[in-house]
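Chemist: Structure provided below as structure tokens; questions to follow.
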Amino acid sequence: MLKPGRVLARARGGVGRPRHHVTLAIETSCDDTGVAVLRQGRGGHKVQTELLFNEREASDNRAFGGVNPRVAVQAHNERLALLVKRALAALAEAKDEAQDDAQDEAQDDAQDDAKAANSPPRRRPDLVAATRGPGIASNLSVGLNMAKGLAVAWDVPFAAVHHMQAHALTPRLAHALGLGPPADFPFASLLVSGGHTQLVLSSSLTHHRVIASTADIAVGNLLDQTARVILPPDLLAASPDVMYGRQLDAFAFASPHDMACLSLPLTRADELAATPTGYSWSLPVPLCQTRRLAFSFAAIHSAVHRIAHAAMPLQERRALARHTLLTAFQHIASRLCIALDDDAELRSAATRLVLSGGVAANSFLAHVLRSTLDARRHSHVGLLVSPPALCTDNAAMIAWTALEMYQAGWLSHLSAIPLPRWSMDAAVDKGVLGGDALSTRPSFEPS
């Protein structure tokens, strides 16, 4: 569990003024090794947020056709220290400028600012963070252990971050960086990735309610695995990684015009009817006979594997790719509309829907969601999608979440261990505040 701690600001001229606060974050929940450095401070009367470093490297799992935890752990161990070293070099190069508002501050404050502006470059952060879960336990351990070691060595606070909370907060990071509109609470999130498919209502930084989750496999897993049997062998072999879902989308739709030409089953009646494919096969509509708030992709997965075969012509493969994406995304859109119809709290809060996770970068998903919401009387719901680089697993979102939690008074104990399964829902073991990691350092003042 997390424990509230008092966040201190440097006092200057008798008045508490926040200085630059630097967070170093590590992400190793799956096969990507990520490190980021985020700096936040005041420039005049405005809070300025800068991403000084944000890099990730994926392990090579192509020989296995999917993520091999042992290969991923080895890659984390090989690359993480080098990424941290590069991140610290980037921090040292970024001048830690002090804040100066001469018109509003006393002379002693201005002198203090001048001294700080000429001080040596920063070479350590004020806060170290790492993903605690959910994810693969062995992979999470690499990042957690590195982060805890750095926190001990530098004698700075440590934050163990919930991976899905970080995805949900990504639009807030994008706004802070000047890359997107505001994302104030409350808002709804559709978290779609290789490991998760969830509809979440976020009332505050720490209070989240999971409205719907997948009953079997996640949509990203579905797309990656079906792509292996749909994509032509030469395209599959040429893929730079095992994120085959991206290749499936590129193969299915060469241009936005291809998306526009595909007929969508916009109404509930259209959804329940079999969508013509032009071939003898069709794909099942998951949970079509119930309004239960859940997602399910196993039936689509099984059907695609039955339909696809080695001798399938190129155009039929392309049709199967399009209808796999369409059926999966239409199912998500339909469940979303049912939730908006049946859940009053969600309906009142969902003036905007945040799309997060690796699959959120898929433009066809946004097209299906927008078209379906408009057709089913939910045109007031706006879609908020972060830049593609922030949709996939990355350490920048971990740094931002750690910073928000820190500013709200939450820190983690160094005893934190990986939580491979960790619900965001506040009603399940306290959600993002759950676990057993109590803070022993309730306050910290940056040096």
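The values are calculated or read from the model by the stated rules, or taken from the named source; none is laboratory data. Please read these numbers as outputs of a predicted model, since none were measured by experiment. Here the Cβ positions follow ideal geometry from the backbone for every residue, glycine too, while neighbour counts run over all protein chains shown.
Chemist: Kindly provide the set of residues from region 123-139 that are of a type in the set (A, V, I, L, M) and more than 21 Å from Phe53 (Cβ to Cβ), ordered by number.
Modeler: If we filter region 123-139 for residues that are of a type in the set (A, V, I, L, M), which is where we start, we get 127-130, 136-137.
Within region 123-139, Ile136, Ala137 qualify.
Chemist: Please give the number of the condition Asp100 fails out of (1) more than 24 Å from Ala159 (Cβ to Cβ); (2) at pLDDT 85 or above; (3) not hydroxyl-bearing (Ser, Thr, Tyr).
Modeler: All conditions are met except number (2).
Chemist: Output the number of the condition that Ile332 fails; it satisfies all remaining conditions of (1) of a type outside the set (Phe, Trp, Tyr); (2) at pLDDT 95 or above; (3) surrounded by fewer than 19 Cβ atoms within 10 Å (Cβ to Cβ); (4) within 20 Å of the chain's Cα centre (by Cα).
Modeler: So Ile332 meets the others, but not (3).
Chemist: Being among the hydroxyl-bearing types (Ser, Thr, Tyr), within 30 Å of Ser59 (Cα to Cα) and over 18 Å from the mean Cα position of the chain (by Cα) narrows it down to one residue among Ser280, Ser239, Ser263; which is it? Don't jump to the end; show me each part of the working.
Modeler: Working: Ser280 fails: within 30 Å of Ser59 (Cα to Cα); Ser263 fails: within 30 Å of Ser59 (Cα to Cα).
Criteria check complete, one pass: Ser239.
Let's see how each residue does on (1) outside the structural domain of Phe53 (by TED's automatic domain parsing); (2) outside any helix (DSSP H, G or I); (3) in contact with a Phe, Trp or Tyr (Cβ under 8 Å, 6 or more places away or on another chain); (4) hydrophobic (A, V, I, L, M, F, W, C):
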| position | (1), (2), (3), (4) |
| --- | --- |
| Gln165 | no, no, no, no |
| Ala168 | no, no, no, yes |
| His175 | no, no, no, no |
| Gly195 | yes, yes, no, no |
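Chemist: Looking at region 174-191, which of its residues are crowded, with 18+ Cβ neighbours inside 10 Å and within 18 Å of Leu369 (Cβ to Cβ)?
Modeler: Passing the criteria: Gly180, Ala183, Phe187, Ala188, Ser189, Leu190, Leu191.
Chemist: Assuming Val200 fulfils every condition listed in (1) within 19 Å of Ala427 (Cα to Cα); (2) in the same structural domain as Pro69 (by TED's automatic domain parsing); (3) crowded, with 24+ Cβ neighbours inside 10 Å; (4) not aromatic (Phe, Trp, Tyr) apart from one, which condition is it?
Modeler: Result: Val200 fails condition (2) only.
Chemist: Inside region 266-301, can you point out the residues that are surrounded by 13 or more Cβ atoms within 10 Å (Cβ to Cβ), part of a helix (DSSP H, G or I) and of a type in the set (Gly, Ala, Ser)?
Modeler: Scanning region 266-301 gives Ala298, Ala299.
Chemist: Ser255 versus (1) surrounded by 14 or more Cβ atoms within 10 Å (Cβ to Cβ); (2) under 30 Å from the mean Cα position of the chain (by Cα): which is the lone unmet condition?
Modeler: Of the numbered conditions (1) surrounded by 14 or more Cβ atoms within 10 Å (Cβ to Cβ); (2) under 30 Å from the mean Cα position of the chain (by Cα), the odd one out for Ser255 is (1).
Chemist: Given the criteria more than 19 Å from Asn394 (Cα to Cα), part of a strand (DSSP E or B) and of a type in the set (Gly, Ala, Ser), does Gly34 qualify?
Modeler: Details: more than 19 Å from Asn394 (Cα to Cα): no; part of a strand (DSSP E or B): yes; of a type in the set (Gly, Ala, Ser): yes.
No; evaluated as a whole, the condition is false for this residue.
Chemist: Quick check, is Leu150 part of a helix (DSSP H, G or I), within 20 Å of Gly34 (Cβ to Cβ) and of a type in the set (A, V, I, L, M)?
Modeler: On the way: part of a helix (DSSP H, G or I): yes; within 20 Å of Gly34 (Cβ to Cβ): yes; of a type in the set (A, V, I, L, M): yes.
So Leu150 passes the test.
Chemist: Test of understanding: among Ala227, Ala237, which residue is crowded, with 21+ Cβ neighbours inside 10 Å and part of a helix (DSSP H, G or I)?
Modeler: Details: Ala237 fails: crowded, with 21+ Cβ neighbours inside 10 Å.
Matching residue, one of Ala227, Ala237: Ala227.
Chemist: Tell me, which residue of region 340-352 that is in contact (Cβ under 8 Å) with a residue 60 or more places away in the chain and surrounded by 21 or more Cβ atoms within 10 Å (Cβ to Cβ) is farthest from the chain's Cα centre (by Cα)?
Modeler: Leu346
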